[in-house]
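The values are calculated or read from the model by the stated rules, or taken from the named source; none is laboratory data. Everything quoted here is computed from the prediction, not taken from an experiment. A quick note on method: Cβ atoms are made from the backbone with ideal geometry, for glycine too, and the neighbour counts reach across all protein chains shown. Each accessible area value is taken on the protein alone, full model and side chains, heavy atoms only, with ligands, DNA and RNA left out. Shrake-Rupley method; radii C 1.70, N 1.55, O 1.52, S 1.80 Å.
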Amino acid sequence: MTRFSSSKFATALQPRSVAKYVAQLIIVGAGYFVLAKAALTLASIYTSAVPIWPPAGFALAAVLVCGLRVWPAIFAAAFAAGIPTEIPDANAADWVLPACVASASTIEALIGGFLIKAWSQGRRTFDTPTGVAKFALVALASTSIAALVGVGGFYLAGYLDWDSLGAWGAAWWLRDAAGAFVLAPAAVLWAIGSFRAFDVDSTLSSSLAIVAAILVGLIAFSPLFEQSALRSALAFLAALPLLWAALRCGERDTATTVLVLSCFAIWGALAGDGPFAGAAS
């Protein structure tokens, strides 16, 4: 009886552990659902394909931070978030489509999180250049597997024909990979980062990087200004806040700067403006 009470199983069943696990499931599920709905809403507003799938990065970050056990929240949120109604002749009310999406999203996060923990340093993979390279390779592999599972499920269910598998698979893979590259590093680094006492120099450096990224994003990528040859050249200004964040700040601020610039670039691409508008059409 004593051995059982001191076992990991008994510890996991303690009220505090159960409450913590439930809270993690709620936070992960809510975060995934909100991101998925936001991405689908933007696509419907601008009637354009989504060039990035942020929930893929969020799910991978959740597995790295909380562990493999959060998979039920990822599956449930992906299932409930909606279905890609842009598929020809698809019935949005059919359970097969959300089940395929949820399965692919869950498998993607579990494989990516497991491989990063086994091969690299887990959630500390962004501490070294080698770890970042390993993260990139794993993200490419896990998202490709998810694309195969997703489009394979659509094909077996009769929603896609053989000729369109390649195009749908490539789009699925690239969007999930972009979401993993852009969102996962920032989410992980903010979740595990230690918040030190207020320091004027570090706060100013971080603030300058973020403010500069916002200004560059507005000027060079957003649809608020008319696109021209001169404005296209301004996209190179993105290197300035990135260099500042990398040299003066740290991994977390650099990842955040990348996320901010990417948000503006995606906004411009969806709105049919900015230097990447052609890629989203």
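Annotations for the structure displayed:
- The spread of Cα positions in the range 170-211, taken along each principal axis and listed from longest to shortest, comes to 46, 23, 7 Å.
- Segment residue 44-residue 156, extension gain: residue separation times 0.36 nm, minus the distance between their alpha carbons: 37.7 nm
- The modelled label-to-label distance between residue 248 and residue 37, using points 7 Å beyond Cα along the C-beta direction, is 3.9 nm.
- The chain: DSSP helices with Cα axial extent of at least 20 Å and average Kyte-Doolittle hydropathy no lower than -0.5: 15-46, 96-119, 129-156, 165-192, 200-216, 251-270
- Listed residues 74, 107 arranged by accessible area, highest first, probe 1.4 Å: 107, 74
- For the range 107-219, the carbon plus sulfur part of the accessible surface works out to 71%, probe radius 1.4 Å.
- Cα shape, the range 95-187, gyration tensor, a/c 1.5 rule: prolate
- Between residue 200 and residue 26, full extension at 0.36 nm per residue minus the direct alpha carbon distance yields a gain of 59.1 nm.
- Prolate/oblate/rounded call for the range 129-182, Cα gyration tensor, a/c under 1.5 rounded: prolate
- Value of Rg to Rh for the chain, rounded to two decimals, is 1.01; Kirkwood radius and Rg both from alpha-carbon coordinates.
- Gained length - residue 215 relative to residue 234, 0.36 nm times residue gap less alpha-carbon distance: 5.7 nm
- About the Cα centre, charge dipole magnitude for the range 159-274 (Lys/Arg +1, Asp/Glu -1 at Cβ), debye: 280 debye
- Using a simple spin-label model with pseudo-atoms 7 Å out from Cα toward Cβ, residue 192 and residue 68 lie 1.8 nm apart.
- In this rough spin-label picture, where each label sits 7 Å from Cα along the Cβ direction, the residue 95-residue 16 distance is 4.0 nm.
- Taking Cα centre as origin and charging only the Cβ of basic (Lys, Arg, +1) and acidic (Asp, Glu, -1) residues, the dipole magnitude of the chain rounds to 1260 debye.
- What separates the Cα centres of the range 204-221 and the range 51-66 is a distance of 24 Å.
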